[in-house]
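J.: Dropping the structure in here first, questions after.
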Amino acid sequence: MEPDEASRPASFGATMKAVFWSFFGVRKRRDYEHDAANLNPVHVIVGGLIGALVFIGILVFVVKMVVAHA
């Protein structure tokens, strides 16, 4: 890793990756500390909302599939 890479703000894609792993509940301490130092809080909030909407959408889809076959 280059010296300036650690101080550079994370991209939205990197934020979405961190949010995904947070939803999944698995995160290395080193990665967590890197994210805490570099993630944009607004990106984290937007990523969390997107993740929650995708999760709810998947749950609704699964429930509709199960109910349709019952």
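J.: Remind me, relative contact order of segment 3-68 in percent, using alpha carbon pairs under 8 angstrom and six or more residues apart?
T.: Numbers: 30 pairs, mean separation 27.5, N = 66.
About 42 percent, as a whole number.
J.: Which helices of the chain meet both criteria: a Cα extent of 24 Å or more along the helical axis and a mean Kyte-Doolittle score no lower than -0.5, with helices taken as whole DSSP H segments?
T.: Details: long enough: 41-68 (40 Å, 2.43).
For the chain, where a helix must reach 24 Å along its axis and average at least -0.5, the hits are 41-68.
J.: Report Rg/Rh for the chain, rounded to two decimals, where Rg is the Cα radius of gyration and Rh the Kirkwood radius.
T.: Using only Cα positions, Rg/Rh for the chain is 1.17.
J.: Here's a follow-up. Label D31 and K17 with points 7 Å out from Cα along Cα→Cβ: what is the distance between them in nm?
T.: 0.8 nm
J.: Give me S11, S22 sorted ascending by neighbouring Cβ count inside 10 Å, so fewest comes first.
T.: Lowest count first: S11, S22.
Readers should treat all values here as calculations from the given coordinates under stated rules, not as data from a laboratory. Since this is a predicted model, take the numbers as computed values, not measurements. Don't worry about glycine lacking a Cβ; one is built from the backbone with ideal geometry, like all the others, and counts go over all protein chains shown.
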